[in-house]
Amino acid sequence: MRTVIPINRDWLYKPHFSQEDDLNKPAGKEGYQQVCLPHTNIELPYNYFDDAAFCFISCYKRRLSLEPRWQGQRLFLDFEGVMNFARVFINGEPAGEHRGGYTAFSVEITDLVRFDGENEVTVAVDSTERPDTPPFGGRIDYLTYGGIYREVQLRVVPPVHLKHVFLSTPDVQADSAGLAAEITPDGIKGGDPHEYTTRIVLKDGETILARQQETIPDGRPARLRLHSLSNIQLWSLNSPKLYSLDCALLKGTEEIDHVEVRVGFRDIRLTSGGCWLNGEKIKLRGLNRHQSFPYAGYAMPKRAQRKDADILKYELGLTMVRTSHYPQSRHFLDRCDEIGLLVFEEIPGWQHIGSEEWQDQAVRDVEQMILTDRNHPSIFIWGVRINESPDHHNLYTRTNDLARRLDPTRPTGGVRFIPGSEMLEDVYTMNDFIHDNGYGKYLAKVIRDFKTYDHLQGQDGEAVVLRDPRDVTGLSHDVPYMVTEYNGHVYPTKRFDQEERLVEHALRHARVQNALYADDRILGAVGWCAFDYNTHADFGAGDKICYHGVMDMFRIPKMAAYAYRSQKSPGEEVVMEPATCWARGERSVGGVIPLVIFTNCDEVTFLYGSERIGSYKPDRLRYPALPHPPVVIDDMTGAWGMKWEDATFIGWIGGKEVIRRSFSRNAVPARLEMLADDTVLKAGDWDTTRVTVSVKDQMGNVMPFLMESLVVTVEGAGELIGPGQLSLIGGQAAFWIRSKGDAGEILVSASCPRLNRTEHRSITVEN
Ligand code: GAL
């Protein structure tokens, strides 16, 4: 039977590799550092670093002892992600290699291992930006980092075993559903006299709902169907019910292999008139996610990956995410399945298409992405074009054909920014940066030969928020159409920017979402982007950060986050966030007008000092289609030189007060707050949680221009990721702490000398 063992602990790491020394000489620990995966080849500073600092070849080594009972079985090392080109050796002998940093791969080690002593696994990890491999060869607006940055496991299976299981859910009706399973075995040789069968058992927890058994025809995939299953709860955004399917492989009557796969029954259709999930029309409200984190780059384990999905779903109220611009962690996708967040997953790439060899690799990326991830019910579309690349009939015919063959159940998309580009996909997915208040049109004129600005040109940049789909496609009929990026570089905004900019940034997101809801032909709009990210010198604010997120790199919200969060139904969460730091002289000319309040309340009352200025309804005039338009107050009087007062905002739903916020005219630091996302971590491989420190005033508001120093210490069973001496940025700072693997207590302290306060937290690491 199958055995799967995580092998993330006890690796040795060295930031260089030499064939001569690292393969031919006995390995000592000298020159190596002991590490646990996921691992980044170099920890980068927060900003202002060399954008080639991670581009080198490193060496990872690990001892591997095998149990005698595994002799005669087949052994694989499964790597979930190694950036960017990996060569794997067993006891100095080449075992396999893999190109591309974003797809999982397996290396068979059966014939290279010994059972009478320890084996040595060596991985030479080339993290340079190799022009023969996507996304490299041109310039890219993000960093790819380096190292074995996702998990590794040892998989022991019998000579004949299960290779792929592909589940889909045809015939989904309100009260019944079907399940189709395609089960592919491996290792059945011609002339094998045994009969192999496969058996599937559908379960809801421990309850068995249905079973089916089928002969495997000559080693080819077996196709099984469960028809008209009754009482199936469908997978939906609000109730993402998951069942499990046990798949067994039998040789005669003996069960020889077994896997369990989760399944969500859902029917999703993308048409030119809308997106339908289980027959219900939904709008796809999304943001793009890069998988990077400060300091650690891509190398963050399960909990951090899952937390990002939670942030997108619960803190931002999204219905979908695009995994820009590459396949992302299994943990992230698993969590999207569990919480009901739809996913647009795409192949690695950014504007550039390389040589034929490079293109072959892009096609392999499609294959590996789909084979690895096609059982996630949350994934509803495959991105099979290189993000924002020009047309390439041959390449994109290949990627589309392959995607449809490997997964006939999902549509393809391909993200473009050139209007009128060829539609080989099922959904026309377009980055529409038209909403730029005319600035792009101006730039395009000034730098006419600068081709990347072409996509900013519109006929009427001032007024248009989203282009008409037919103007974009150039087609005379409607096709399924989705906007896959907007805003981003058109209006970079820092969390600690001036208030007018933060408000305009937030309103741009609200305007585009309003335009999405106003047009039935647009299935969804996915903003650029969820989180700020580290980038190359050719992009960003000069400090190697693109401040394009509605949250910063630490996932702390900017005002724009509330343009999304306030779209949640009040039943899920009541939201009322006045987009102001409440000051007389922060904005140009002074005052706080227009005062925008992102809310899902029916009405907001505003008090200035003790004076009731009025009660205000959501602004349906300017945002008629948005589920929850912001309240906009623009009739407050008062001039420069007048006394400034406190403010109070009261939110009402159905005539009842549901939320209240107050702001002080005279804010002073009143408390230091430290919040850990988790208080219990898991022992084993390293685990992590984020800790956020905020300085708040006497009314509980974060102080947006407080940049004092903060000293963080972590003791006991954990350590700090990144530096211990920080400065609060806009009244807040966040950091991740990591466990060392063993159970125990982690003690975190943060002191702010200016406030003369220290906060302590204890986090438990449990077995
Ligand atoms: C797009 C690109 C993204 C990001 C964004 C910034 O052109 O696809 O990766 O660079 O611009 O707005």
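The values are calculated or read from the model by the stated rules, or taken from the named source; none is laboratory data. The structure displayed is predicted, hence computed values, not measured ones. Neighbour counts run over all protein chains shown; Cβ positions are idealised from the backbone, glycine included.
Annotations for the structure displayed:
- Scanning the stretch 545-559 for residues that are outside any loop (DSSP other than H, G, I, E, B) and within 15 Å of the ligand (Cβ to nearest atom) yields 545, 546.
- Being more than 16 Å from the ligand (Cβ to nearest atom), assigned to a loop (DSSP other than H, G, I, E, B), hydrophobic (A, V, I, L, M, F, W, C) and at pLDDT 95 or above is a description that does not apply to residue 539.
One line per residue, one yes/no per condition, for (1) within 16 Å of the ligand (Cβ to nearest atom); (2) assigned to a loop (DSSP other than H, G, I, E, B); (3) closer than 30 Å to residue 583 by Cα; (4) modelled with pLDDT under 95:
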{"site": "452", "(1), (2), (3), (4)": "yes, no, no, yes"}
{"site": "458", "(1), (2), (3), (4)": "yes, yes, no, yes"}
{"site": "463", "(1), (2), (3), (4)": "no, yes, no, yes"}
{"site": "471", "(1), (2), (3), (4)": "no, no, no, yes"}
{"site": "484", "(1), (2), (3), (4)": "yes, no, no, no"}
{"site": "497", "(1), (2), (3), (4)": "no, yes, yes, no"}
{"site": "503", "(1), (2), (3), (4)": "no, no, yes, no"}
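- The stretch 403-427, residues that are more than 16 Å from the ligand (Cβ to nearest atom) and either among the hydroxyl-bearing types (Ser, Thr, Tyr) or surrounded by 24 or more Cβ atoms within 10 Å (Cβ to Cβ) (or both): 403, 409, 412, 425, 427
- Across the stretch 275-293, the number of residues qualifying as more than 16 Å from the ligand (Cβ to nearest atom) and either among the hydrophobic types (A, V, I, L, M, F, W, C) or buried (at least 18 other Cβ atoms within 10 Å of the Cβ) (or both) comes to 9.
- Residue selection: residue 558 fails the criterion of being over 21 Å from residue 307 (Cβ atoms), basic (Lys, Arg) and crowded, with 21+ Cβ neighbours inside 10 Å.
Listed here are the residues, each with its yes/no results for (1) over 19 Å from the mean Cα position of the chain (by Cα); (2) within 16 Å of the ligand (Cβ to nearest atom); (3) not hydrophobic (A, V, I, L, M, F, W, C).
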residue: 337; (1), (2), (3): no, no, yes
residue: 357; (1), (2), (3): yes, no, yes
residue: 374; (1), (2), (3): no, no, yes
residue: 382; (1), (2), (3): no, no, no
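- Residues that are under 31 Å from the mean Cα position of the chain (by Cα) and not in a loop (DSSP other than H, G, I, E, B) within the stretch 660-689 comprise 672, 673, 674, 675, 676, 680, 681, 682, 688, 689, listed in sequence order.
- Residues in the stretch 278-310 that are polar (S, T, N, Q) and touching a residue at least 40 places away in the same chain (Cβ under 8 Å): 278, 288, 291, 292.
- Within the stretch 543-558, residues that are closer than 17 Å to residue 295 by Cα reach partners that are buried (at least 23 other Cβ atoms within 10 Å of the Cβ) and among the basic types (Lys, Arg) with beta carbons closer than 6 Å, at six or more positions or on different chains, in the pairs 552/495.
- Filter result (surrounded by fewer than 17 Cβ atoms within 10 Å (Cβ to Cβ) and under 30 Å from residue 185 (Cβ atoms)) within the stretch 262-274: 262
- From the list 328, 368, 361, 351, the one residue that fits, being at pLDDT 95 or above, surrounded by fewer than 24 Cβ atoms within 10 Å (Cβ to Cβ), of a type outside the set (Ser, Thr, Tyr) and within 15 Å of the ligand (Cβ to nearest atom), is 351.
- Annotation note: of 677, 685, the sole residue that is modelled with pLDDT under 95 and farther than 30 Å from residue 583 by Cα is 685.
- Qualifying residue in the stretch 627-647 (condition: among the polar types (S, T, N, Q) and at pLDDT below 95): yes
- Qualifying positions in the stretch 586-622 - of a type in the set (A, V, I, L, M) and not in a loop (DSSP other than H, G, I, E, B): 595, 596, 597, 604, 607, 613
- Meets criteria (surrounded by fewer than 19 Cβ atoms within 10 Å (Cβ to Cβ), closer than 22 Å to residue 47 by Cβ and either within 24 Å of the chain's Cα centre (by Cα) or touching a residue at least 60 places away in the same chain (Cβ under 8 Å) (or both)) for residue 692: yes
- Of the residues making up the stretch 714-761, those that are crowded, with 17+ Cβ neighbours inside 10 Å, in a loop (DSSP other than H, G, I, E, B) and in contact with a Ser or Thr (Cβ under 8 Å, 6 or more places away or on another chain) are 717, 728, 731.
- Selection within the stretch 514-536 - assigned to a loop (DSSP other than H, G, I, E, B) and more than 16 Å from the ligand (Cβ to nearest atom): 519, 520, 521
- Residue within the stretch 107-120 that is in contact (Cβ under 8 Å) with a residue 60 or more places away in the chain and more than 22 Å from residue 353 (Cα to Cα) present: yes
- Every residue from the stretch 597-646 that is charged (D, E, K, R) and closer than 20 Å to residue 499 by Cβ: 619, 622, 634, 635, 645, 646
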